[in-house]
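Trainee: To start, I am sharing the structure in question, which I have written as structure tokens.
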Amino acid sequence: MKTNSYFFQSFAIVLLAAVAFIGFKQFLPKKIFSESAPNSKNVLIDSMLLDAVAKDVKSTTKDTLVNAKIVFDPTLGITFPSEKFEDYKGYQYLISFYEKLYQLEKNPESENVRIAYFGDSMTDGDMIVQDLRADYQAKFGGQGVGFVSITSESAASRGSITHQYSGNWKTQSYLNVKKPRSPFGVNGHVFFANDTAHVEWVRFKANTARFATMLDNPTLFYGRSSNLQGKVDVIIGKDTIVKSLTPNSLVNTLKVSSNSIKGFKADFIKADSIPIFGFNFDDGKGVHVDNFSQRGNSGLPISTFNPAVMQAFNNKLGYDLIVLHYGTNVLNYGTKDYTWYDRSMTKTVNHLKECFPGVAILIVSTADKGTKYDLEMKTDSAVVPLTVAQKRYALKTQSGFVNLYTLMGGDGSMVKWVEEEPAKANKDYTHFNHRGAKKIAGLLYEQLNQGYEKYKTLRQKRKPAEKKAPDSTVIKKDSVDA
């Protein structure tokens, strides 16, 4: 009798548990445990990536691009040799950037070159970018770390500049806000000092980083507002200088100091509702590289940039090359068919061209990533399909291309980078450590410089009568629709 009682009690408990599970199932995540460990407690995924995956429509167009011979039309009287899709680098579309480097090399005192490097967590804390910047500055000159946002999730880990800020800044990011109160800055963020009860502040200090031992020409960038009462108290050592904000244009600048200084603090007074973007540090000579990294970014949020605002930024900063280094956060979304990402990023890059007319663009593919298969770490099966999709939208948008996966060694390379001594990547088999980041920067610089040296050779051989011609690509055989 007692046995039957226990049986019915147990049955009732199981039944109640099943009913409860069905009732709460809609509120539970699809996966309780992720397939791989995240690299940071602050991992984010941009909303536009989720939307693109949700709206994915399978393409029925036959892909013949991979079998095409890529033949270029001349630009500035120069034509690089034809390429195969498999080995595509697209130096032809970097000619405007290479010409600016050439002019800088010939006239170092009167010319300068600027690069915007957009990336995800792979460039967090100025990783990769700080070494690429140093490589260029070692050859072509230049001092300073470039543009730095008001706040940054990686400020504490950044070694190229000491960056501190108050915790009461109101932030909007293109990662998760499609319609900001005010247009995003070139860094994909906009900040507001709207806490009128407590002062918002930011502090910068130069350290011993190569070519960045001083803060050169520190300049604040901010946006348009009807608030004409805003001020910035600039504290340099024991001196405080009060500077007024005049937010009359889409993009405004305020020079903190005309001299190179070691550090300063900026207090924002009565500056609520004024869009604040960040500070720029450069000596105006040589090469400058801005790092616009954002964890969790797929690259798609760039499509939310306001063209007028970006053109205003470009008028002040003068970019010659834009690098798009994404892919880490796109791997393993949906199937291994990345047609949706190819299609979405093609539109994104074309929008970027509208924002920065005439500026050369370079696409850097995802790196290798290790995933466990049958108790053994191997190259993730999604890596190669994603790099192919990235190469496709690079070609369709007339952009240069770096296949980071093959550059670092191809199949199984991330496993080697993690397990060799000394290691060049972290145990998440996804992200590089400082040693690996420096190596990657060197590989990127080497490929770009190879293109530059080829450009100089072709430039010497061109005929004097040849003039500027429009960029175009002729693809032998049929190609797919963009």
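Trainee: Hey, among the residues in the range 430-444 that are of a type in the set (Gly, Ala, Ser) and out of contact with any strand residue (DSSP E or B) (no Cβ under 7 Å at 6 or more places or on another chain), which one's surrounded by the fewest Cβ atoms within 10 Å (Cβ to Cβ)?
Mentor: If we take residues in the range 430-444 being of a type in the set (Gly, Ala, Ser) and out of contact with any strand residue (DSSP E or B) (no Cβ under 7 Å at 6 or more places or on another chain), then Gly442 is surrounded by the fewest Cβ atoms within 10 Å (Cβ to Cβ).
Trainee: Would you pick out the residues in the range 351-378 that are in contact (Cβ under 8 Å) with a residue 60 or more places away in the chain, open to solvent by less than 20 Å² (accessible area, probe 1.4 Å) and over 25 Å from Ile95 (Cβ atoms)?
Mentor: Residues satisfying the conditions are Ala367, Gly370.
Trainee: Restricting attention to the range 420-438, and to residues there that are among the charged types (D, E, K, R) and touching a residue at least 24 places away in the same chain (Cβ under 8 Å), which single residue is nearest to Leu94 (Cα to Cα)?
Mentor: So, considering only residues that are among the charged types (D, E, K, R) and touching a residue at least 24 places away in the same chain (Cβ under 8 Å), the one nearest to Leu94 (Cα to Cα) is Lys438.
Trainee: Please verify whether Ser381 is surrounded by fewer than 21 Cβ atoms within 10 Å (Cβ to Cβ) and at negative phi, treating the condition exactly as stated.
Mentor: When the stated conditions are applied, Ser381 passes them.
Trainee: Count, please, the residues in the range 314-334 that happen to be under 19 Å from Val287 (Cβ atoms) and in contact with a helix residue (DSSP H, G or I) (Cβ under 9 Å, 6 or more places away or on another chain).
Mentor: Result for the range 314-334: 8.
Trainee: For Gln172, state whether it is open to solvent by 20 Å² or more (accessible area, probe 1.4 Å), within 18 Å of Phe118 (Cβ to Cβ) and out of contact with any Leu (no Cβ under 7 Å at 6 or more places or on another chain).
Mentor: yes
Condition check ((1) within 30 Å of Leu101 (Cβ to Cβ); (2) small (Gly, Ala, Ser)) across all residues:
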position	(1), (2)
Ile235	no, no
Asn259	yes, no
Gly263	no, yes
Asp272	no, no
Pro275	no, no
Phe292	yes, no
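Trainee: Could you identify the single residue in Ile236, Ile269, Ile241 that is out of contact with any His (no Cβ under 7 Å at 6 or more places or on another chain) and either among the small types (Gly, Ala, Ser) or open to solvent by 60 Å² or more (accessible area, probe 1.4 Å) (or both)?
Mentor: Result of the check over Ile236, Ile269, Ile241: Ile241.
Trainee: Restricting the search to the range 217-259, which residues are on the phi > 0 side of the Ramachandran plot and touching a residue at least 40 places away in the same chain (Cβ under 8 Å)?
Mentor: Listed by number, the list holds a single entry, Asn217.
Trainee: Of all the residues that make up the range 224-233, how many are open to solvent by 50 Å² or more (accessible area, probe 1.4 Å) and assigned to a strand (DSSP E or B)?
Mentor: 1
Trainee: Of everything in the range 154-168 that's in contact with a Gly (Cβ under 9 Å, 6 or more places away or on another chain) and open to solvent by 60 Å² or more (accessible area, probe 1.4 Å), which residue is farthest from Gly125 (Cα to Cα)?
Mentor: Within the range 154-168, the match that is farthest from Gly125 (Cα to Cα) is Ala156.
Trainee: Can I ask one more? Would you point out the residue of the range 208-226, among those that are modelled with pLDDT under 95 and not small (Gly, Ala, Ser), that is nearest to Lys262 (Cα to Cα)?
Mentor: Going through the qualifying residues, I end up with Thr208.
Trainee: Does the range 97-107 include one or more residues that are over 14 Å from Gly400 (Cα atoms), out of contact with any Ser or Thr (no Cβ under 8 Å at 6 or more places or on another chain), open to solvent by less than 30 Å² (accessible area, probe 1.4 Å) and touching a residue at least 24 places away in the same chain (Cβ under 8 Å)?
Mentor: Checking the range 97-107: at least one residue is over 14 Å from Gly400 (Cα atoms), out of contact with any Ser or Thr (no Cβ under 8 Å at 6 or more places or on another chain), open to solvent by less than 30 Å² (accessible area, probe 1.4 Å) and touching a residue at least 24 places away in the same chain (Cβ under 8 Å).
Trainee: Only one of these is within 23 Å of the chain's Cα centre (by Cα), more than 24 Å from Cys355 (Cα to Cα) and in contact (Cβ under 8 Å) with a residue 60 or more places away in the chain: Ala266, Ala193, Ala212, Ala271. Name it.
Mentor: Ala212
Trainee: Follow-up. Any residue at all in the range 205-215 that is crowded, with 17+ Cβ neighbours inside 10 Å and touching a Leu at 6+ places or on another chain (Cβ under 6 Å)?
Mentor: yes
The values are calculated or read from the model by the stated rules, or taken from the named source; none is laboratory data. Small disclaimer: the values here were computed from a predicted structure and weren't measured. Glycine gets a Cβ as well: all are built from the backbone with ideal geometry, and neighbour counts include every protein chain shown. These area figures cover heavy atoms from the full protein model, side chains too; ligands, DNA and RNA do not enter into them. Shrake-Rupley method; radii C 1.70, N 1.55, O 1.52, S 1.80 Å.
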